[in-house]
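In what follows, a single structure is set out as structure tokens and then discussed.
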Amino acid sequence: MADAVVTDVADGIAVITIDRPEARNAVNGEVARGIGAAIEELDARSDVRVLVLTGAGGSFCAGMDLKGFLAGDAPIAPGRGFAGITERPPLKPVIAAVEGYALAGGFEIVLACDLVVASEAARFGLPEVRRGLVAGAGGLLRLPRRIPYHLAMEIVLTGEHFPASRLAEAGLINRLVPAGEALAGAKELAAKVAQGAPLALAASKRVVVESADWDSAAAFAKQGEIINPVFASADAIEGAVAFAEKRAPVWRGE
């Protein structure tokens with residue numbers, strides 16, 4: 001039996017693919033554990049600077065595998081939540097490459113990512129209310145922080161599908177590309193991110209994510225706890241030396 005999650009690494013970029021095209025990449029326990037395990041491994045690898053998450057067969061993810069859910073197959077990874085990512089995203093930057101449908105939990109996976117590249121034909125939605133459920137894997141928490149409140153409410157309360165163009169207008173999507181080119185577009189964006197130093201990338205992401213909950217009086221102190229080690233790192237010295245020598249830096253992640 002083929003793995004439900006496939007990982008490929010090249011040039012500092014790791015691509016994690018949900019490989020259940022026959023089920024529109026719906027998330028079952030195997031997918032959740034596979035994504036969670038991949039993130040654990042890739043976060044620890046010094047040769048990986050950025051992750052790309054996508055789906056096989058022309059669709060991103062149709063959400064939770066309802067048949068599996070009814071059979072008691074929980075689509076979660078311990079400590080990481082739904083799909084192995086929604087409650088504890090990677091430490092490293094992660095880009096969603098979206099083709100086709102990103103619905104329900106599939107949309108919530110997108111919202112757990114830092115950047116989004118989507119096909120012009122992609123469609124997004126949180127249809128849980130139409131199934132007697134709620135978007136409890138981060139959709140209700142993250143969506144109103146990413147797009148205007150009333151649009152978020154329309155998506156949540158109607159359960160309808162929304163075209164990628166509408167969400168791009170709202171600022172949710174970084175790159176809108178022709179159908180079939182989401183992964184290529186995500187890799188192109190990932191290559192730009194991968195030029196950064198690993199420690200600096202991880203620290204920068206952490207400050208942006210965590211600072212939303214910081215008290216303004218303590219914000220710079222909390223930021224300092226995260227970024228001061230970066231300034232003292234070997235990579236910081238390498239960055240300065242490479243700039244002075246007019247060459248590309250060679251990052252070590254140290």
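The values are calculated or read from the model by the stated rules, or taken from the named source; none is laboratory data. Everything numeric here is computed off the predicted structure, so don't read it as measured data. Please note: Cβ atoms are built from the backbone with ideal geometry, for glycine as well, and neighbour counts cover all protein chains shown. Note: areas computed on protein heavy atoms with side chains; ligands, DNA, RNA excluded. Shrake-Rupley method; radii C 1.70, N 1.55, O 1.52, S 1.80 Å.
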- Query: Yes or no: A190 open to solvent by less than 70 Å² (accessible area, probe 1.4 Å), under 16 Å from the mean Cα position of the chain (by Cα) and in contact (Cβ under 8 Å) with a residue 24 or more places away in the chain?
  - Reply: yes
- Task: Hey, can you tell me all the residues within segment 120-150 that are among the hydrophobic types (A, V, I, L, M, F, W, C) and touching a helix residue (DSSP H, G or I) at 6+ places or on another chain (Cβ under 8 Å)?
- Result: A121, A122, F124, L126, V129, V134, A135, A137, L140, L143, I147
- Looking across segment 90-102 at residues that are open to solvent by 10 Å² or more (accessible area, probe 1.4 Å) and either out of contact with any Asp or Glu (no Cβ under 8 Å at 6 or more places or on another chain) or among the small types (G, A, S) (or both), the single one that is nearest to L51 (Cα to Cα) is E99
- Go over the candidates A221, A203 one by one and state the one that is surrounded by 14 or more Cβ atoms within 10 Å (Cβ to Cβ) and not in a loop (DSSP other than H, G, I, E, B). A203
- Total residues in segment 1-55, condition surrounded by 15 or more Cβ atoms within 10 Å (Cβ to Cβ) and at positive phi: 3
- Message: Please verify whether E181 is open to solvent by 60 Å² or more (accessible area, probe 1.4 Å) and either charged (D, E, K, R) or more than 19 Å from Y101 (Cβ to Cβ) (or both), treating the condition exactly as stated.
- Response: yes
- Task: Starting from residues that are of a type in the set (A, V, I, L, M) and outside any strand (DSSP E or B), keep the ones in segment 1-21 and report whichever is farthest from D114 (Cα to Cα).
- Result: M1
- Pick from L189, L143: which is over 30 Å from A234 (Cβ atoms) and either β-branched (V, I, T) or at pLDDT 95 or above (or both)? L143
